[in-house]
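Working notes, structure below.
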Amino acid sequence: MLTKLGESILRWSSARDPWTNVYGVARTLIATSLLLTLLFNDSETLFPPATGIAAGPLCMPGTASEFGFYCQFESMELARWISIGLLAVIASGWRPRLTGVLHWWLTASLVWNSVLADGGEQVGTVLTLLLIPVTITDPRKWHWRSLPPRDRPSDALLAQRLVALCALVCVRIQMAVLYFHAAAGKFEVDEWADGTVLYYWFMHPTFGLVDFLRELAWPLVTEPTVLAVTTWSVLVLEPLLAAGLLVDRKYWRYFLVAGVVFHTGIFVIHGIPSFVMVMFGGLILFFRPIDQLFRVPSLFRKAFAPRGDRPDARAEG
């Protein structure tokens, strides 16, 4: 039995290349999300005072926060601009093996050191952590490149593939758990159960629709049947997205489209681009087969191509 299991795992890892531009696009989206957050918010906005907390980063001794990136600097503006530069490099796709851990540290640091970190940064922290085994085994110079095919991968390369593929499976499981947990929590809220919660979110003065969209949505939120159906559709969609973990990969594209439309709606309503970009990255890792590459314009491919392709794929790293 163990022999057959080992043979099955070997065939599985041999037939798939985990290092494609699919996970590269997801990494770029997640990195760009944090980059934009830092770029359009100064340090006073990112690290404000709170009840019992002085302005500046949270650096509590004995906790993970003291190891955060922003606790290593005296000037928060300097730390912010250094972060922006590093995230630009990460988003470019250069040397995933060197930037994978750094990406996680920068993302986690905002969660540890700022009282304003939202769900986007939290999801990004988990995803970048789970992607570390993929990045540190990635032999490419750029995560936009594809490795040339190898008839007989070495044992070392097969082991690296197995590690990376298992990490990507863990990412898919995490995304399924995220959507299931989000749905399960809503069923306990009376306003979700009675189909009225979207009225409050659409009309919320801070997180709701902008004025002109609020006027357009008024007929929707004041019609009980339409409001209830729209609200309950979320309670149906999120469990379905979680169940996507178990469906055949030929149906993944439909789940991906549904998820993108869903989070685009969240962006229109709440206007949280950083959260939506992270979720787009998570959805790509969840529902885009790793071997179904994104088409990259030829000029873009040439810009990131090494000087001559070498027969040994690992030489690119």
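The values are calculated or read from the model by the stated rules, or taken from the named source; none is laboratory data. Quantities reported herein were computed from a predicted structural model and do not represent experimental measurements. Glycine gets a Cβ as well: all are built from the backbone with ideal geometry, and neighbour counts include every protein chain shown. Heavy atoms of the whole protein, side chains included, go into the accessibility calculation; ligands, DNA and RNA do not. Shrake-Rupley method; radii C 1.70, N 1.55, O 1.52, S 1.80 Å.
Cβ distances below 4.7 Å define possible disulfide partners, and in the chain the cysteines left without one are 166, 170. Under the simplified labelling scheme, the residue 214-residue 243 pair shows an inter-label distance of 3.7 nm, with each label point 7 Å from Cα along Cα→Cβ. Of all stretches in the chain that contain no chymotrypsin sites (Phe, Trp or Tyr not before Pro) in a DSSP loop with at most 13 other Cβ atoms within 10 Å, the longest one is 41-206. Summarise the accessible area of the stretch 93-177 (1.4 Å probe, protein heavy atoms) by the percent that is carbon and sulfur. Exposed carbon and sulfur together represent 66 percent of the surface.
Charges only on Cβ, +1 for Lys and Arg, -1 for Asp and Glu: so what's the dipole of the chain about the Cα centre, in debye to the nearest 20? Walk me through the numbers before you get to the answer.
Values: 26 positive and 25 negative charges, 403 e Å.
Charge dipole of the chain: 1940 debye, to the nearest 20.
Under the membrane-span-like helix rule (DSSP H runs whose alpha carbons stretch at least 30 Å along the helix axis, mean Kyte-Doolittle hydropathy 1.0 or higher), the chain yields 155-187.
Gaussian network model of the chain, Cα springs within a sub-10 Å range: biggest mean-square fluctuation belongs to which of 228, 156, 164? Top of the fluctuation ranking is 156. Just checking the listed ones, 213, 178, 237: in the Gaussian network model of the chain with Cα springs under 10 Å, the one fluctuating most is 213.
With +1 assigned to the C-beta of every Lys and Arg and -1 to the C-beta of every Asp and Glu, and no other charges, what is the dipole magnitude of the stretch 189-303 about the Cα centre in debye, to the nearest 20? Could the numbers behind the result be given before it?
Working: 8 positive and 9 negative charges, 204 e Å.
In total the dipole reaches around 980 debye.
By the gyration tensor of its Cα atoms, with a ≥ b ≥ c the square roots of the eigenvalues, what is the shape of the chain: rounded for a/c under 1.5, prolate for a/b over b/c, or oblate? Walk me through the intermediate numbers first.
On the way: a/c = 1.94, a/b = 1.30, b/c = 1.49.
Since a/c reaches 1.5 but b/c is at least a/b, the shape of the chain is classed as oblate.
Over the chain, dividing the summed -39,500 (n - 2.57) contributions of all DSSP H runs of at least 4 residues by the number of residues returns a 222 nm mean residue ellipticity of -20500 deg cm²/dmol. In the chain, a dipole from Cβ-located charges (positive for Lys and Arg, negative for Asp and Glu) runs towards its positive end, and of 52, 70, 185 it is 70 whose Cα lies farthest in that direction.
Count the net charge of all other residues whose Cβ sits under 12 Å from the Cβ of residue 292, scoring Lys and Arg as +1 and Asp and Glu as -1. It would help to have the intermediate numbers written out before the result.
On the way: positive: 16, 249, 250, 253, 288, 295; negative: 17, 291.
Local net charge: +4.
Of the peptides 123-130, 55-62, the ranking by mean beta-carbon count within 10 Å, highest at the top, reads 123-130, 55-62.
In this simple spin-label model, placing a label point 7 Å from the Cα along the Cα-to-Cβ direction at both residue 169 and residue 253 gives a separation of 2.6 nm. Averaging Cα coordinates gives a centre for the stretch 209-224 and one for the stretch 15-58; these two points are 32 Å apart. Here the gap between residue 159 and residue 78, fully extended at 0.36 nm per residue and compared with their Cα-Cα distance, gives a gain of 25.1 nm. Modelled spin-label separation between residue 268 and residue 184, with each label point placed 7 Å from Cα along the Cα-to-Cβ direction: 3.1 nm.
Please report the net charge: other residues with Cβ closer than 13 Å to the Cβ of residue 42, K and R +1, D and E -1. Each step should come with its number before you reach the end.
Details: positive: 80; negative: 44, 77.
Once all neighbours under 13 Å are counted, the net charge is -1.
When the chain is treated as a GNM with alpha-carbon contacts under 10 Å, the residue of 167, 91, 182 showing the greatest mean-square fluctuation is 182. What the stretch 112-158 shows is 44 Å² of accessible area per residue, with the surface traced by a 1.4 Å probe over protein heavy atoms.
Rounded, prolate or oblate, given the Cα gyration tensor of the stretch 192-239, with a/c below 1.5 counting as rounded? List each step's numbers first, then the result.
Values: a/c = 2.21, a/b = 1.59, b/c = 1.39.
It is prolate, given that a/c is not under 1.5 and a/b is the larger ratio.
Sites counted here are GluC sites (Glu not before Pro) in a DSSP loop (not H, G, I, E or B) having no more than 15 other Cβ atoms within 10 Å; the longest part of the chain that contains none of them is 189-317.
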